[in-house]
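Beneath this line is the structure, given in structure tokens, with notes to follow.
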Amino acid sequence: MQRDKVVNKHPMQGPRHQNYHGWKDNDIYYKGSWVLQTLRYSVNNDSLWYKTLREYSTTFRHQLIQTEDVISFFNKRLPGISKEVFYQYLNHASLPVLAVAVKTIKGKQVLEYQWMADRPNFKLNLLVPSAVGTVVLKAGKGKPRIKVPQGFSIEDVMKLKEVALIEIGRL
């Protein structure tokens with residue numbers, strides 16, 4: 001799997017207005033493929049995802065474009081994918097961290113979570129499948145708290161690292 005080859009030494013995007021070749025390894029290529037996988041997983045709609053990729057390729061065929069063109073294009077077509085998601089992955093070497101805690105409050109099991117990233121408004125929707133049911137993490141401010149099925153655990157959230165380019169931490 002390529003995930004273990006992502007070492008996050010450098011941001012994916014080099015200095016603006018330069019034909020920059022300062023990378024001495026393949027980290028940005030592995031990271032780029034995992035960013036695409038992360039976006040696809042977050043969108044959770046393969047027909048929309050592949051339609052958008054086809055549109056992207058035909059819209060910008062034979063053109064020189066800039067980062068903002070790419071971000072704007074995908075931002076308009078993919079719900080839940082904000083500009084901040086792109087800027088985090090492109091402009092920062094570090095990965096966003098999904099900090100989580102599973103608690104019992106008034107006899108109900110809840111998941112509290114918060115995104116921590118270099119971009120202050122980074123938010124990403126993710127599905128967390130588990131043996132007791134799928135939990136939907138909606139992008140939100142602060143530390144959202146959602147009810148989860150009995151038996152849901154931190155280990156379920158840890159499995160997100162197999163499908164998304166994120167780190168998992170604890171609140």
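The values are calculated or read from the model by the stated rules, or taken from the named source; none is laboratory data. These figures come from a predicted structure and were not determined experimentally. Please note: Cβ atoms are built from the backbone with ideal geometry, for glycine as well, and neighbour counts cover all protein chains shown. Side chains included, ligands, DNA and RNA excluded: accessible areas come from the protein's heavy atoms. Shrake-Rupley method; radii C 1.70, N 1.55, O 1.52, S 1.80 Å.
Conditions (1) touching an Asp or Glu at 6+ places or on another chain (Cβ under 8 Å); (2) within 23 Å of H92 (Cα to Cα); (3) hydroxyl-bearing (S, T, Y); (4) modelled with pLDDT under 95, marked per residue:
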position: D118; (1), (2), (3), (4): no, yes, no, no
position: F122; (1), (2), (3), (4): yes, yes, no, yes
position: S130; (1), (2), (3), (4): yes, no, yes, yes
position: G133; (1), (2), (3), (4): no, no, no, yes
position: K141; (1), (2), (3), (4): no, yes, no, yes
position: G151; (1), (2), (3), (4): no, no, no, yes
position: V157; (1), (2), (3), (4): no, no, no, no
position: A164; (1), (2), (3), (4): no, yes, no, no
position: G169; (1), (2), (3), (4): no, yes, no, no
Quiz item: Which residue pairs have Cβ atoms under 7 Å apart, sit 6 or more places apart or on different chains, and have a first residue in region 1-18 that is within 16 Å of E68 (Cα to Cα) and a second that is open to solvent by less than 40 Å² (accessible area, probe 1.4 Å) and among the hydroxyl-bearing types (S, T, Y)?
Solution: M12/Y89; Q13/T67
Quiz item: Looking at V85, V102, which is the one that is within 17 Å of G32 (Cα to Cα) and buried (at least 18 other Cβ atoms within 10 Å of the Cβ)?
Solution: V85
Quiz item: Which one of these is assigned to a loop (DSSP other than H, G, I, E, B), in contact (Cβ under 8 Å) with a residue 40 or more places away in the chain and more than 18 Å from Y41 (Cα to Cα): A139, A99, A164, A93?
Solution: A93
Quiz item: What residue, among those in region 115-135 that are under 17 Å from K161 (Cβ atoms) and touching a Gly at 6+ places or on another chain (Cβ under 8 Å), is surrounded by the fewest Cβ atoms within 10 Å (Cβ to Cβ)?
Solution: M116
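Here is a yes/no grid of residues against (1) in contact with a helix residue (DSSP H, G or I) (Cβ under 8 Å, 6 or more places away or on another chain); (2) closer than 20 Å to M158 by Cβ:
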{"position": "S94", "(1), (2)": "no, yes"}
{"position": "A99", "(1), (2)": "no, yes"}
{"position": "V102", "(1), (2)": "yes, yes"}
{"position": "G107", "(1), (2)": "no, no"}
{"position": "Q114", "(1), (2)": "no, yes"}
{"position": "L124", "(1), (2)": "yes, yes"}
{"position": "L127", "(1), (2)": "yes, yes"}
{"position": "G133", "(1), (2)": "no, yes"}
